[in-house]
Every structure is written in C-alpha cells, then in structure tokens.
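The structure under discussion appears below in the form of structure tokens.
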Amino acid sequence: MAAKLSGGGGGKWAIEQNSDINVTPFVDIMLVLLIIFMVAAPLATVSVEVKLPTAVAKPAQNPPKPFYVSIQDNGRAYIGDNEVEITSVGAELGKLIGNKPPSDERIFIRADQQTRYGDFMQVMNSLQDHGFYSVALVGEDQSTQ
C-alpha cells in the first residue's frame, strides 16, 4: 500500500498540504538569543583604569578660522588665549561666531593629560547645549618626535 502525498482526490490515505509557516522554533531561538545578549552585555563593560596612548593618525587640514578650546589640568578653560568659565564655553563661542549656525563650525578641544573627566564633560555639555556638535580632539603628533 502506498500513500498519496500530494495532488487532488480524496481517499483514506490522502494527506492535505499545509502551506502555513511554523514560526514557533524561530521565536524560541530569538528569545534564547535575547536572553544570552541581555546577560552578556553587562559583562562587556570596561571597568579597568588605563592610560590611553597618544594618537598617531594623520593630521587633518585646519579650517580657515579654527576655534581651539583648551582645558588645563587645574580646570581652567580657554578659547584661543582668553580664559572663560568652564560652564560658559558654548555661550562664549556662540558670541564669537556671530550669525553663522553653530553646526557649521568645527571646534578643536585640547586637554591636558591630567584633566579631570568631569571638567572635560562640562565643556562638551556646554558645547552641545549651544549647538556645537562637530568637535575634534587634538592629540600630540607622534611622527615629529
């Protein structure tokens, strides 16, 4: 005896075709992967204190009138050679550029190796609050040493 696997007709041994996709195994696999990534993601965070090396990237060309923000290790901030309050860096730069939109300007940040991360973030937050989103970090050029 043989069973008819496809085609029309009826009979005792005819099997109907099922064209529905069974997504249950796919959903099960996705849920397992989600749980694995949720458990593994916190383990991938870095909590080790390291001293980062200097950059050796090729220097980029400077814009026609660059704006340099310098942060000293004692927390003092400067725009060019003029000292400004660390929380008002964005407002002072806004005054300097005049009518041009802040998003068109690229700001170069120079910071001492011993600068506190909090001071650096205050400058970054002040710049972002005033619309300066194009920021470059200046490092010491290793190729000239």
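The values are calculated or read from the model by the stated rules, or taken from the named source; none is laboratory data. None of the values given here were measured: they were computed from a predicted structure. Ideal geometry is used to build each Cβ from the backbone, glycine not excepted, and the neighbour counts take in all protein chains shown.
Side notes on the structure shown:
- Residue check for E85: out of contact with any Pro (no Cβ under 6 Å at 6 or more places or on another chain), at pLDDT 90 or above and closer than 27 Å to Y117 by Cβ: yes
- Residues in the range 86-113 that are in contact (Cβ under 8 Å) with a residue 24 or more places away in the chain and of a type in the set (G, A, S): S88, G90, A91, G94, S103, A111.
- Within the range 116-135, being within 17 Å of F67 (Cα to Cα), among the aliphatic types (A, V, I, L, M) and surrounded by fewer than 15 Cβ atoms within 10 Å (Cβ to Cβ) holds for no residue.
- The number of residues in the range 102-133 that are of a type outside the set (K, R) and assigned to a strand (DSSP E or B) comes to 4.
- The residue list P59, P53 contains one member that is of a type outside the set (K, R), in a loop (DSSP other than H, G, I, E, B), modelled with pLDDT under 75 and surrounded by 10 or more Cβ atoms within 10 Å (Cβ to Cβ), which is P59.
- Test result for Q113, out of contact with any Cys (no Cβ under 8 Å at 6 or more places or on another chain), surrounded by 14 or more Cβ atoms within 10 Å (Cβ to Cβ) and either of a type outside the set (F, W, Y) or within 20 Å of D73 (Cβ to Cβ) (or both): no
- Within the range 102-135, the set of residues being among the small types (G, A, S), touching a Phe, Trp or Tyr at 6+ places or on another chain (Cβ under 7 Å) and either under 20 Å from G80 (Cβ atoms) or at pLDDT 90 or above (or both) comprises A111 only.
- Among the residues listed as N22, N18, the single one being surrounded by fewer than 10 Cβ atoms within 10 Å (Cβ to Cβ), assigned to a loop (DSSP other than H, G, I, E, B) and at pLDDT 80 or above: N22
- Only one of the numbered conditions (1) surrounded by 10 or more Cβ atoms within 10 Å (Cβ to Cβ); (2) modelled with pLDDT under 75 is not met by I71, and that is (2).
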